[in-house]
1. Considering only residues that are outside any loop (DSSP other than H, G, I, E, B) and more than 12 Å from Thr100 (Cα to Cα), which ones fall in the range 46-57?
2. State which residue pairs qualify: first residue outside any helix (DSSP H, G or I) and inside the range 128-145, second residue charged (D, E, K, R) in any location, beta carbons under 9 Å apart, and separation of 6 or more residues or different chains.
3. Within the range 7-21, work out how many residues are near the ligand (Cβ under 8 Å from one of its atoms) and not in a loop (DSSP other than H, G, I, E, B).
4. Going by the structure shown, is Asn84 surrounded by 15 or more Cβ atoms within 10 Å (Cβ to Cβ), in the same structural domain as Ser167 (by TED's automatic domain parsing) and within 14 Å of the ligand (Cβ to nearest atom)?
5. Scan the range 58-69 residue by residue and report those that are part of a loop (DSSP other than H, G, I, E, B) and closer than 14 Å to Glu160 by Cα.
6. Identify all residues within the range 116-151 that are within 18 Å of Tyr75 (Cα to Cα) and touching a strand residue (DSSP E or B) at 6+ places or on another chain (Cβ under 7 Å); write none if there are none.
7. Scan Tyr75, Tyr63 and give me the residue that is closer than 25 Å to Ser119 by Cβ, more than 15 Å from the ligand (Cβ to nearest atom) and surrounded by 13 or more Cβ atoms within 10 Å (Cβ to Cβ).
8. Which of the numbered conditions does Ala29 fail, given that it passes all the others? Conditions: (1) outside the structural domain of Leu161 (by TED's automatic domain parsing); (2) aliphatic (A, V, I, L, M); (3) more than 14 Å from the ligand (Cβ to nearest atom); (4) outside any helix (DSSP H, G or I).
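The values are calculated or read from the model by the stated rules, or taken from the named source; none is laboratory data. None of the values given here were measured: they were computed from a predicted structure. Heads up, the Cβs are rebuilt from the backbone with ideal geometry, glycines too, and the neighbour counts pull from every protein chain shown.
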Amino acid sequence: MKCPHCESKLSKTLPACPQCGFSAEALGAYLGDHWVRLERITDAAHCLRLEESRQCEVMMDDYERVFPQAFFAVYLGMLPTGLNVSELGFWLLNQGAFNTPLIQKRNDFGVVMVVDPVSKNLAVTLGYAIEGYFDSKMLTSLLQAVGEKLRSQQYGPAIELAIQRVSQVLRGHARPNPWSPEVSHQASTIAVEPLRGGHRMSTPNTVAGLSAGNRSR
Ligand SMILES: [Zn+2]
């Protein structure tokens, strides 16, 4: 990964960046090393209209349906002096407990987009498990395209574009997911099918329950 402070290459095993001395510990000392509970969209700068916010939530839901381990979160707000957007993205991905519909998400599959509308800076921080899928060319093109929308203050469309771009990259690496809530009712229909055919060889309890149910239909 890249150092969120100076962008030089950073090893996960090193305690601090060899170039600038940035460390997760130092950032933790500054911002806190406790877990913070966050919504997927934190709009501290009030950039998003209600409709835009809802539209982004819908896209985030779709994203999580396609990539069940992953989530996409956004922070829009003015940053304190001495902190840049990449550093905040890094900290949020390390310390944020994001309120997603499925709680068993792991932050190393997360993506956090941080926008400071005052300094007009943007960072997209990728979790450890997925950052390898993005090369620097992809990231530069993503940041340019999203940055263009932000420059014309299209915050909602900027977030949507970022989710789209990240999805495109992940889609190329995702394995098909055989289990999803949408197919679960179908699966249970299939499991029940043989019993309608009059199968009675299960344990007595099951047979009693099921035959009563069958007769009532
Ligand atoms: Zn550094």
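1. In the first step, residues of the range 46-57 are kept if they are outside any loop (DSSP other than H, G, I, E, B); the result is 50-57.
The answer is Leu50, Glu51, Glu52, Ser53, Arg54, Gln55, Cys56.
2. Sorted first by the residue in the range 128-145, then by its partner, the pairs are Tyr128/Lys12; Tyr128/Asp108; Ala129/Arg106; Ala129/Asp108; Ile130/Asp108.
3. Selection size over the range 7-21: 0.
4. On the way: surrounded by 15 or more Cβ atoms within 10 Å (Cβ to Cβ): yes; in the same structural domain as Ser167 (by TED's automatic domain parsing): yes; within 14 Å of the ligand (Cβ to nearest atom): yes.
So Asn84 fits the description; yes.
5. The first filter runs over the range 58-69 and keeps only residues part of a loop (DSSP other than H, G, I, E, B), leaving 67-69.
Residues satisfying the conditions do not exist here.
6. Within the range 116-151, Pro117, Leu122, Ala123, Val124, Thr125, Leu126, Gly127, Leu142, Leu143, Val146, Gly147, Leu150 meet the criteria.
7. Working: Tyr63 fails: closer than 25 Å to Ser119 by Cβ.
Among Tyr75, Tyr63, only Tyr75 is closer than 25 Å to Ser119 by Cβ, more than 15 Å from the ligand (Cβ to nearest atom) and surrounded by 13 or more Cβ atoms within 10 Å (Cβ to Cβ).
8. (4)
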